[in-house]
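Okay, structure first, notes after.
Each reported figure results from applying straightforward, stated rules to the coordinates on display, with no laboratory input. Given the structure is predicted, the values throughout are model-derived calculations rather than measurements. For neighbour counting, all protein chains shown are included, and Cβ atoms are generated from backbone atoms with ideal geometry for every residue, glycine included.
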Amino acid sequence: MTFIVYGDMRFTSVSEIEASRPVPRQALVERVAAEQPGALFVTGDIPWHGVDEDYAVFRAETREWRRQRLRVYPALGNHEFYNCSEADCLERWWSVFPELRSRRWYSVALGSSVLAVVLDSDTGLTPGSAQRAWLEAQLSGLDARVRVVLVVLHHPPVADPIVGDSSSDHKVRPNEATLEEYLATIGGQLRARLVVVGGHIHNYERFERGGIMYLVSGGGGAKPYAVQRSAADLYQDPSFPNFHYLRFELRGASLIGEMVRLDLHADGTAGEFKTKDHFEISLPP
């Protein structure tokens, strides 16, 4: 079983080369299609703005995904709500992903071994919120056959600060911090292993806390951000920018993860894809 996670593409006109970089964005789309994953999870910010024109670019550039009938499961990001009312933004998102209509968060079973929980970090994750109650019910009633719980959302619960950014916009927010606190209390009680992937920060990061793997995958094509890597960040490669995707494979007693990064030539054209990070998570039998 193979599945891919990545995000922060900001699909928009190819004339926009600052907020979104069309060359790596399109190269990643093509590479993901070539992988032919069993499922593709997106950490949000599919459009640059939640308008018809940007979704039209998404449809055009991901035509191969639909031709191959890839199963695409997106999380809502903050850019899905730019330049439109909340109701209009959601209606456009649901029009592009009609199987999700009326759902802002949901779960997906990948066979009997993997449960993917896709959250909406634009909505409350704090104790007592509707989404938190739903999440607690999902995890408390977990099928005994599930070996991996994949949590996908836009704003990351664990992340390094961005270089030169003193604002709170790209720091870990209280909403997601409470999620990390909750997962820490139940992680040891679950038979399955927890893997949490966020986006929003346009780079790659990897942490492990209490047996839970936390990753940031926001290298889908949006303007890259350099981060101040802490000692806790298990990825210390100085390469930048990190346009990339995450590839996971369930193999025997392990979940194998890889960060596959796109090299760019000096003239800005797309180069080779290389595996820049590799990790293995031991699973229950």
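To the nearest 0.05, what FRET efficiency results for Arg191 and Phe240 with a Förster distance of 51 Å applied to their C-beta separation? According to the calculation, E is roughly 0.85. Put simply, the convex hull of the Cα atoms in segment 15-159 casts, on average, a shadow of 9.9 nm².
Quick check on segment 1-128: of the DSSP beta bridges with both residues there, what percent are antiparallel, nearest 5%? Write down the numbers at each step before the final one.
Values: 5 of 13 bridges.
Taking every DSSP beta bridge within segment 1-128, about 40 percent pair in antiparallel fashion.
In plain terms, the chain from Ala60 to Glu30 could stretch by 9.6 nm, reckoned as 0.36 nm per residue minus the Cα-Cα distance.
Within the listed set Leu150, Leu40, Leu70, the residue fluctuating most in the Gaussian network model of the chain (springs between alpha-carbon atoms under 10 angstrom) is Leu70. FRET efficiency for the pair Arg67 and Gln228, taken as 1/(1 + (r/R0)^6) with r the Cβ-Cβ distance and R0 = 45 Å, rounds to 0.65.
Rounded to the nearest 5, what % of DSSP beta bridges with both residues in the chain are antiparallel?
Numbers: 35 of 57 bridges.
Antiparallel: roughly 60 percent of the beta bridges in the chain.
Seen through its C-alpha gyration tensor, with square-root eigenvalues sorted a ≥ b ≥ c, segment 2-282 comes out rounded because a/c lies under 1.5.
Taken about its Cα centre, the chain carries a charge dipole of about 920 debye when Lys and Arg each add +1 at the Cβ and Asp and Glu each add -1 at the Cβ. Placing +1 on each Lys and Arg Cβ and -1 on each Asp and Glu Cβ, with no other charges, gives segment 117-184 a dipole about its Cα centre of roughly 240 debye.
Backbone amide hydrogens, once placed in the peptide plane, bring Phe41 within less than 5 Å of Ile4, Val5, Tyr6, Tyr73, excluding anything fewer than 5 places away on its chain.
I need the shape label for segment 10-70. Rule: rounded when a/c is under 1.5, else prolate if a/b > b/c, else oblate, with a, b, c from the alpha carbon gyration tensor.
Details: a/c = 1.89, a/b = 1.63, b/c = 1.16.
Here segment 10-70 falls in the prolate category.
For the chain, with a Gaussian network of springs between Cα atoms less than 10 Å apart, report the residue from Ile17, Ile46, Ile162 with the top mean-square fluctuation. Of Ile17, Ile46, Ile162, the most mobile in the Gaussian network model is Ile17.
When both segment 87-138 and segment 229-285 are represented by their alpha-carbon centers, they are found 26 Å apart.
Can you give the FRET efficiency for Ala144 and Ala19, using 1/(1 + (r/R0)^6), R0 = 51 Å, r = Cβ-Cβ distance, to the nearest 0.05? Display every interim value, and only then the final one.
Details: r = 46 Å, r/R0 = 0.89.
Here the calculated transfer efficiency is 0.65.
Taking a virtual spin label 7 Å from the Cα of Val108 along the C-beta vector, which residues in segment 41-85 bring their backbone nitrogen under 17 Å of it? Backbone N within reach: 41-47, 59, 62-77.
Loop-resident trypsin sites (Lys or Arg not before Pro) (DSSP state other than H, G, I, E or B) in segment 28-67 with no more than 10 further Cβ atoms inside 10 Å of their Cβ are absent. Relative contact order of segment 2-282: 19 percent, from C-alpha pairs under 8 Å at least 6 residues apart in sequence.
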